[in-house]
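The values are calculated or read from the model by the stated rules, or taken from the named source; none is laboratory data. All values reported here derive from a predicted model rather than from experimental measurement. Don't worry about glycine lacking a Cβ; one is built from the backbone with ideal geometry, like all the others, and counts go over all protein chains shown.
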Amino acid sequence: MHNPLNGLDEKHLVLEYCQYGSLQTISSYTKPYDEPAAFVVFNQICQALLHVHERKVLHLDIKESNILISFNVGNQLKPECGRLPIEFKLADWGVSVDMKDQNTLNKVNPVYHRGTPRYMAPE
């Protein structure tokens, strides 16, 4: 099988296709989430954040348009996923920070001025 990426010195980012778009897109043409549905979204995003925070990575731009929705039939068996066949994924890591990187730690103040102002913490 031919791999077109072999032998290239360039970096390539391969992403999963999330066929349902973002939480912002879905929210614009559906009714507000009830509490159980909101819990499913919140739980999955918190699990993603826990995973990356344990690895000393900060996302710094969490908002509805950066939460993507994909199909995952396995979630129908999980009560914590509301038995819904969808999965929420955190996207757009462009302003994220690896806190293990010494260069980042030397420039801590500018790091926290990244993200979308409307969604940033007030401090």
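Structure above, values below:
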quantity: Verdict on K107 being of a type in the set (D, E, K, R), at pLDDT below 80, on the phi < 0 side of the Ramachandran plot and more than 19 Å from the chain's Cα centre (by Cα); calculated: yes
quantity: Given (1) touching a helix residue (DSSP H, G or I) at 6+ places or on another chain (Cβ under 7 Å); (2) in a helix (DSSP H, G or I); (3) of a type in the set (A, V, I, L, M), number of the condition V52 does not satisfy; calculated: (1)
quantity: Residue in the stretch 60-72 that is at pLDDT below 80, surrounded by fewer than 16 Cβ atoms within 10 Å (Cβ to Cβ) and at negative phi present; calculated: no
quantity: Cross-chain or 6+ apart pairs with Cβ under 6 Å, the stretch 39-62 first and over 18 Å from Y119 (Cβ atoms), then assigned to a helix (DSSP H, G or I); calculated: V40/C81; N43/E80
quantity: Single residue of the stretch 48-87 satisfying the filter (farther than 19 Å from Y20 by Cα and hydrophobic (A, V, I, L, M, F, W, C)) that is farthest from the chain's Cα centre (by Cα); calculated: L77
quantity: When residues of the stretch 16-38 are limited to those that are exposed (fewer than 14 other Cβ atoms within 10 Å of the Cβ), farther than 19 Å from V73 by Cβ and not small (G, A, S), the one modelled with the highest pLDDT; calculated: Q24
quantity: Residue list for the stretch 56-92, filter: farther than 21 Å from V14 by Cα, out of contact with any helix residue (DSSP H, G or I) (no Cβ under 9 Å at 6 or more places or on another chain) and outside any helix (DSSP H, G or I); calculated: K56, K78
quantity: Any chance K11 is modelled with pLDDT of 80 or more, over 15 Å from the mean Cα position of the chain (by Cα) and outside any helix (DSSP H, G or I); calculated: no
